[in-house]
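Asks: Structure below; questions to follow.
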Amino acid sequence: MVELINDTLVFQSDVHANAKCIIELQRTLRIPDDGKTYPLPPGLGRFPIQHLDAHKERVPSNWMHRGGVITPLYQSEALWLKFSSAGIDGQGRYPFAIKVAAGKVSAITGEEWKPSMTPNDYVVTPGQPWLDGYAVSKGKIRQFIAAPLGSGYTAEEQITGKAEFGGIQIEVFPMKIDVFNRRFPYKPPVWEAASARISKNGGFSGFSGGITTNSLKAQSAGRGPMRSRGSAGRGQSMNSGLYSPQMDSMSMDLPSMGLGAGGQMEQTIQKDPFDFNDWDTSRGQRVFIHLANSLVWRAITGQEPPHPPPTAADYTRQGFPWFDYYQDGPALDGTAKLANLKSVAQLDQQKYGAPVLPENASTHPIHVVQLGDKNPNKIREGTW
Amino acid sequence: MNFGAYIKSLREAKRAEDPAFSLRRVAERADIDYSYLSKLENGVWTEPSEKVVLALADVLNADPDLLLAMTGRVSKTFQEALMRRPDLFKEFLRLAREVRDGEW
């Protein structure tokens, strides 16, 4: 069963009472689409998410047919997905494989959506803490940015030649319960061990036992160290020129928004550290996330969307941090299909002969906080 | 959906068929000022008194328990029902949170 709790999608698997995969949509800066490769931008809080069924009277019938949830994005706004999972006492966090697509095109492979899963078309949590865009090459992604479906900017349109689905699609598969019990046998919880391991930013080291359910709940709720990226810059009062009301009204009559490719960012997509057969492919749970521009969101929900995020240049000028996340382990290479995606700025250049994307000025992140295994604040543990 | 947006949507749906549901006329029948009703509908005021909520429920033919719950109050009727069937509460939360999957 997939539940919506406090703007968070919770995939509760029936393999175990605490086997829960938790996914959030994080608001963020749009990084400049200028040919440079940027570090990770911050998280500026969760996007609001609502049940589509709560607004039956106002939602187009093709959306209702697909079910799922709805979230607001301004045109050209960026987002990233945050993954985590709940812990099983004495065994660590339950592993899940997560497929992510936009417009039913895989963000990992560029292939069109297929039921179930195939090798290397998913990410694994714990291990992959977030996904900010399309995996274009090893260690690099192109940021997800919202674009009206039908404009030719989305990956869906570039790859399939059709503007049919838009939105974001997610399917989550749990590890087989017998494999989990074999790989992560029960060890009695020890509080000290749990505290130490939680500080490791959700790496695989957390698996070896000792993490309590409550402490992981706290972590997934945003109070743990993984959130250090998410909380940066929150509550600031910077205005942005990114949002243009004219742009939104232009797209008002369009059925949906999709995701195009924005600027380039350093982000590794970790290879599955387990065997493909470890996943319980018969227990996939999926959700369709419809993206509504601000006017459509207001019309459907009667509520205001969040304030537009600051521009990357404004954010950097204020001295707020960017992030770098390093983790050992093999990474996926990226595929030719996604490598060939044209970014929104490149398409603008092709169509209009000039950049049209607003607030796309280059910026130079100076304050970059290291997360993961290279985190300089991490305390080295010796042998004793 | 919040209280204001909900009563606005109810009132406007009724007004489309019957002009007696204009802002002024609904406010009159609920014995409140129309500017106050407008502020409630637009979320400027968010904590109407129980008396106002029940009057609006009556005029708009809405469920008073639901409207009270939307303003953060629990009606006696609801409380009694919950005490009689506490087992259903968890089921209600599950149903309210569950995301329906469709065809895509």
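Asks: Here are some residues: A:31, A:5, A:22. Which one is surrounded by 19 or more Cβ atoms within 10 Å (Cβ to Cβ), within 14 Å of chain B (Cβ to nearest Cβ) and closer than 27 Å to residue A:165 by Cα?
Replies: Values: A:31 fails: within 14 Å of chain B (Cβ to nearest Cβ); A:5 fails: surrounded by 19 or more Cβ atoms within 10 Å (Cβ to Cβ).
Only one candidate qualifies: A:22.
Asks: Additional query: Quick check on the stretch A:51-62. Is at least one of its residues assigned to a loop (DSSP other than H, G, I, E, B), away from every other protein chain (no Cβ under 14 Å) and surrounded by fewer than 17 Cβ atoms within 10 Å (Cβ to Cβ)?
Replies: We begin by selecting, within the stretch A:51-62, every residue assigned to a loop (DSSP other than H, G, I, E, B); these are A:59-60.
Filter again for away from every other protein chain (no Cβ under 14 Å), leaving none.
No, that holds for no residue.
Asks: Okay, moving on. May I ask you to say which residue of B:8, B:39 is basic (Lys, Arg), part of a helix (DSSP H, G or I) and within 13 Å of chain A (Cβ to nearest Cβ)?
Replies: Numbers: B:39 fails: within 13 Å of chain A (Cβ to nearest Cβ).
So the residue among B:8, B:39 that is basic (Lys, Arg), part of a helix (DSSP H, G or I) and within 13 Å of chain A (Cβ to nearest Cβ) is B:8.
Asks: How many residues are over 21 Å from residue A:51 (Cβ atoms) and aromatic (Phe, Trp, Tyr) if we restrict to the stretch B:66-104?
Replies: Qualifying residue count, the stretch B:66-104: 1.
Asks: Tell me the strands (runs of 3 or more DSSP E) entirely within the stretch A:94-153 that contain at least 1 residues that are under 30 Å from residue A:185 (Cβ atoms) and of a type in the set (S, T, N, Q). Break it down into steps so the answer makes sense when it comes.
Replies: Details: elements: A:96-102, A:123-125, A:133-137, A:140-148.
It comes to A:123-125.
Asks: Exactly one of (1) away from every other protein chain (no Cβ under 14 Å); (2) part of a helix (DSSP H, G or I); (3) not basic (Lys, Arg) is unmet by residue B:32. Its number?
Replies: (2)
Asks: Identify, please: which residue in the stretch A:71-91 is in contact with a Phe, Trp or Tyr (Cβ under 6 Å, 6 or more places away or on another chain) and hydroxyl-bearing (Ser, Thr, Tyr) and is, among those, surrounded by the most Cβ atoms within 10 Å (Cβ to Cβ)?
Replies: So, considering only residues that are in contact with a Phe, Trp or Tyr (Cβ under 6 Å, 6 or more places away or on another chain) and hydroxyl-bearing (Ser, Thr, Tyr), the one surrounded by the most Cβ atoms within 10 Å (Cβ to Cβ) is A:85.
Asks: So which residues in the stretch A:65-99 are among the charged types (D, E, K, R) and within 14 Å of chain B (Cβ to nearest Cβ), if there are any at all?
Replies: Initially, the stretch A:65-99 is screened for residues among the charged types (D, E, K, R), giving A:66, A:77, A:82, A:89, A:93, A:99.
A:66, A:99 - these are the residues of the stretch A:65-99 that are among the charged types (D, E, K, R) and within 14 Å of chain B (Cβ to nearest Cβ).
Here, each number is a calculation from the coordinates, and none is a lab measurement. Just so you know, these numbers come straight off a predicted model, no measurement behind them. Backbone-built Cβ (ideal geometry, glycine too); neighbour counts: all protein chains shown.
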